[in-house]
Amino acid sequence: MKKLVTLCMMVALATITVKAAQAGDTLADVKKKGVLTVGCKDSLPPFGYIDEKSRQIVGYDIDFVNAIAKKLGVKVELKPVTSASRMPQLQEGHIDIIAATMTKNAERAKVIDFSHAYFLTGQKFITKKGSVNSLKDLEGKRIGTAKGSTSEKNVAAAIPSATILSFDDYPQAFLALMQGKVSAVTTDEAILAGILAKAPTKGQFEIPNIQISDEPYGLGMRKGDTNFVNFVNKTILEMEKSGEAKAIFEKWFGPTTQFHLERTFKISADK
Amino acid sequence: MEQLFNISVITDNFTYFMIGRFPHGPLGGVGLTLYLAVASCILSFIGGLILGLLSVSRFPAVRYPALAFINLVRGMPLLMVIFWMYFLLPALFGKIPENNTVILALSLFTSAYMSRIIVAGIDGIPKGQTEAATSTGLKSWQVMYYIILPQALRNMIPSFVNQFVSLIKDTSLAFIVGVSELTHVATQINNRTMAFPTEIFAFIAIIYFILCFAFTTLSRWLEQRLSWSKAI
Amino acid sequence: MLNYTFDWSIITSGQYFDWLLAGLITTLKLSAISIVLAFLLGLLIAVMRMAHSKPVRWFALAYLEFFRNTPLLVQIFFWYFGSYKILPVFINDWLNKTGFEFAAAAIALTIYTSAFIAEDIRSGVLSIPKEQMEAARSAGFSYLRSMQYIILPQAVRITIPPLVNQFLNLAKNSSLAMTIGVMEMTYQARQVESYSFKGFEAFTAATVVYLVLSIVITALVNLYNEKVLNVHKAA
């Protein structure tokens, strides 16, 4: 009984002392300490992954934050995050900005602020070749995705009869697909393409043309951190104008890569 | 999958397994695993000593809260403790790097177990010694500090080494909050290469085994040595 | 500016409550299955550890040392992602269809815990006076039969409190199964957090459940110690 009482007291204590990290002026803070701390993916080519030779994190997301840091005149410190950990990390002040394939949506926008979209893709599936032609084929099947992602919520809504298995990150879900533990892996097409390109047995898999949602990616910042959000938005719009944004896209997804993706979007101010 | 085992994934990434992105980035891999384990071990020894002494205090107002806290922590899975620290620490103290969050979570968790070892060690010293020391006019804290603790701590050394082994194993949970210790590094490499999970996880299992077994053996050796010198 | 407002109603009713309840049931199911298997396996290893044949003894020792000195999390990953290379194809296929994540977690928990249980049982056996074994042998029982009828029943009775503690450890360790997608208590708490952004409420609920579980079980062990073991000691 005593233990329960103590527990209740601890919880009450937590209740009183809890205060979410305040959105100060990140822009000023970052300039002062000379480092921009970025939450990024570390095993999701080509957005953010460890380069085998240099042992450093590189990718599309990384190039964007590098450009922002360069404009600020500060260094970049990269912190690997997962889909589930990135928002708490930001709110608690462990990181200053999220550049981790994060979809902008209304639910998240209640808790954090987003930049304009810097990448656009849509949620699709990756499956064994020829096994899936329409959403119907996935009913009642086991589908893998990542914890805390929009993909998880979208697929649960799109195919209610499916069993959704959430892994820590997408490559693990794909590994489960390769081993036959799930029938499909679902997330944004660009991520799927990245995984497929790296897969050792890519010939056996395909991405059928079934899209269940649009996924615009935004850089995440603390709620109400207006100066910083404005600065980031201004920077990425300039990058679009100068052609730098397009160059980054071409570098990671263009014809010289394994992906051959068309750039179907331009970074523009949201309405 | 064509061949049975392919160890090139291990040899190609060996440096990464051992030290992560160091020296051009933060320390990772085995290096970080050991750093986390050693730092947590030192802190949890101090924490365990404090909690242990509080829990054998003569004053109920001190003893019961300490016992309640110890049991609270012992009743939780370590994973839960890590999640809690992850939430609570920043709310209470502001920004704290993940490495430290994990170290604090491991220390808090292990302190609760250490405190039990310390209490057992204190109980293991014959009551007669306390009585004899008290009758020479020493105060009760002096009896504890000069007479009981030095003997008790020496007898507890093997148990401490065992706790250290548990800590090495427990650091693998740091993976969950994205700290690049050995298990996290292994999942990174597994996620990138995708074809060699058997090799990668068997390899890190062996690394952990070598680390832990070395210390387990040390603990047994100490136990024998100590019991031998006690017999004399 | 962010202000955290507590909303306990989300975990006491509705969808999130259902998730947490489902999580609790999975945790209990996983722990119950694993502890039974771990006990049987641990018993076997303990007997092998005390066998006369050297290779058998060494095998048991190697098993104990290896699985006790490797993190459970790594073992879970190994069984889930790595075992397809060493398991026969038909077992793999069957497991994939029935849900490999639960099976992999159960296998890992069973093997990990069995190594600890084996040592508990062994110390229980060692606490039985040697003369009993000698008496049994001279009465014509074989080694295995003496173990079965004379030594183990007594040893197991002494071993029950440490065994229950192992069960508690196992229930707590089963939280690691969330890493491979087993929807147990901690997984669901995390899930509630990521859907509702109400981490405090979700984690408090999970913590209370784990605590109640340990308090109840610890109380039962204490009762057993007092009622059963002491009574016999006095007699």
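The values are calculated or read from the model by the stated rules, or taken from the named source; none is laboratory data. Values in this document were obtained by computation on a predicted structure and should not be read as measured data. Ideal geometry is used to build each Cβ from the backbone, glycine not excepted, and the neighbour counts take in all protein chains shown. Side chains included, ligands, DNA and RNA excluded: accessible areas come from the protein's heavy atoms. Shrake-Rupley method; radii C 1.70, N 1.55, O 1.52, S 1.80 Å.
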task: Scan region A:142-155 for residues that are within 25 Å of A:MET102 (Cβ to Cβ), modelled with pLDDT of 90 or more and open to solvent by 10 Å² or more (accessible area, probe 1.4 Å) and jot them down.
output: A:ASN154
message: When the residues of region A:64-79 are narrowed to those that are touching a Lys or Arg at 6+ places or on another chain (Cβ under 7 Å) and in contact (Cβ under 8 Å) with a residue 40 or more places away in the chain, which ends up nearest to the other protein chains (Cβ to nearest Cβ)?
response: A:VAL74
- request: Answer yes if at least one residue in region B:24-40 is within 11 Å of chain A (Cβ to nearest Cβ), at pLDDT below 95 and either part of a helix (DSSP H, G or I) or under 26 Å from C:ALA202 (Cα atoms) (or both), and no otherwise.
  value: yes
- request: Being surrounded by fewer than 24 Cβ atoms within 10 Å (Cβ to Cβ) and not in a helix (DSSP H, G or I) is the filter; apply it to region A:178-202 and report the residue that is modelled with the highest pLDDT.
  value: A:SER183
- prompt: So which residues in region A:115-141 are touching a residue at least 12 places away in the same chain (Cβ under 8 Å) and open to solvent by 30 Å² or more (accessible area, probe 1.4 Å)?
  reply: A:LEU120, A:LYS128, A:LYS129, A:GLY130, A:SER131, A:ASN133, A:SER134, A:LEU135, A:GLU139, A:GLY140, A:LYS141
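Only one of B:GLY94, B:GLY75 is surrounded by fewer than 19 Cβ atoms within 10 Å (Cβ to Cβ), within 12 Å of chain A (Cβ to nearest Cβ) and among the small types (Gly, Ala, Ser). Can you tell me which?
Numbers: B:GLY75 fails: surrounded by fewer than 19 Cβ atoms within 10 Å (Cβ to Cβ).
Unique residue meeting the criteria: B:GLY94.
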- request: Inspect all residues belonging to region B:150-161 and state whether any of them is surrounded by fewer than 24 Cβ atoms within 10 Å (Cβ to Cβ), modelled with pLDDT of 90 or more and within 14 Å of another protein chain (Cβ to nearest Cβ).
  value: yes
- request: Name, by its number, the condition in (1) away from chain C (no Cβ under 14 Å); (2) among the β-branched types (Val, Ile, Thr); (3) within 16 Å of the chain's Cα centre (by Cα) that does not hold for B:VAL62.
  value: (3)
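Residues in region B:4-16 that are crowded, with 17+ Cβ neighbours inside 10 Å, farther than 18 Å from A:LYS79 by Cβ and within 11 Å of chain A (Cβ to nearest Cβ): how many?
Quick first cut of region B:4-16, residues crowded, with 17+ Cβ neighbours inside 10 Å only: B:9-10, B:13, B:16.
Then keep just the ones that are farther than 18 Å from A:LYS79 by Cβ; that gives B:9-10, B:13.
Imposing the further condition that a residue be within 11 Å of chain A (Cβ to nearest Cβ) reduces the set to B:9, B:13.
Here the count works out to 2.
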query: Quick check: anything in region C:51-67 open to solvent by less than 50 Å² (accessible area, probe 1.4 Å), within 8 Å of chain B (Cβ to nearest Cβ) and under 24 Å from B:THR171 (Cβ atoms)?
result: yes
- prompt: Does region C:75-92 contain any residue that is crowded, with 19+ Cβ neighbours inside 10 Å, assigned to a helix (DSSP H, G or I), at pLDDT 95 or above and more than 14 Å from chain B (Cβ to nearest Cβ)?
  reply: no
query: Is it the case that some residue within region A:82-89 is open to solvent by 10 Å² or more (accessible area, probe 1.4 Å), assigned by TED's automatic domain parsing to the domain that holds A:GLY220 and of a type in the set (Ser, Thr, Tyr)?
result: yes
query: How many residues does region C:194-204 hold that are more than 8 Å from chain A (Cβ to nearest Cβ) and open to solvent by less than 20 Å² (accessible area, probe 1.4 Å)?
result: 3
- request: Please verify whether region A:197-214 includes one or more residues that are farther than 16 Å from A:THR101 by Cα, more than 11 Å from every other protein chain (Cβ to nearest Cβ) and of a type in the set (D, E, K, R).
  value: yes
query: Only one of these conditions is not met by A:ALA173: (1) on the phi > 0 side of the Ramachandran plot; (2) within 14 Å of chain B (Cβ to nearest Cβ). Which number is it?
result: (1)
- request: Mind listing whichever residues of region A:241-271 are open to solvent by less than 30 Å² (accessible area, probe 1.4 Å) and over 26 Å from A:ASP51 (Cβ atoms)?
  value: A:PHE265
- prompt: Quick one: in region B:184-215, which of the residues that are without any contact (Cβ under 8 Å) to a residue 40 or more places away in the chain and more than 9 Å from chain A (Cβ to nearest Cβ) is surrounded by the most Cβ atoms within 10 Å (Cβ to Cβ)?
  reply: B:PHE201
- prompt: In this structure, does B:ALA132 turn out to be open to solvent by 50 Å² or more (accessible area, probe 1.4 Å) and either within 14 Å of chain A (Cβ to nearest Cβ) or part of a helix (DSSP H, G or I) (or both)?
  reply: yes
query: Are any residues in region A:142-167 of a type outside the set (Val, Ile, Thr), touching a residue at least 12 places away in the same chain (Cβ under 8 Å) and over 30 Å from A:TYR60 (Cα atoms), and if so, which ones?
result: A:ARG142, A:SER161, A:ALA162
- request: Filter region A:152-177 down to residues that are in a helix (DSSP H, G or I) and over 16 Å from A:GLY194 (Cα atoms) and give me whichever is nearest to the chain's Cα centre (by Cα).
  value: A:GLU152
task: Please tell me if B:MET80 is modelled with pLDDT under 95, in a helix (DSSP H, G or I) and at the interface with another protein chain (Cβ under 10 Å from one of its Cβ atoms).
output: yes
field: Residue pairs meeting the criteria (Cβ under 7 Å; at least 6 apart or on separate chains; first over 19 Å from C:THR27 (Cβ atoms), in region C:185-198; second assigned to a helix (DSSP H, G or I) and open to solvent by less than 10 Å² (accessible area, probe 1.4 Å))
entry: C:LYS198/C:VAL192
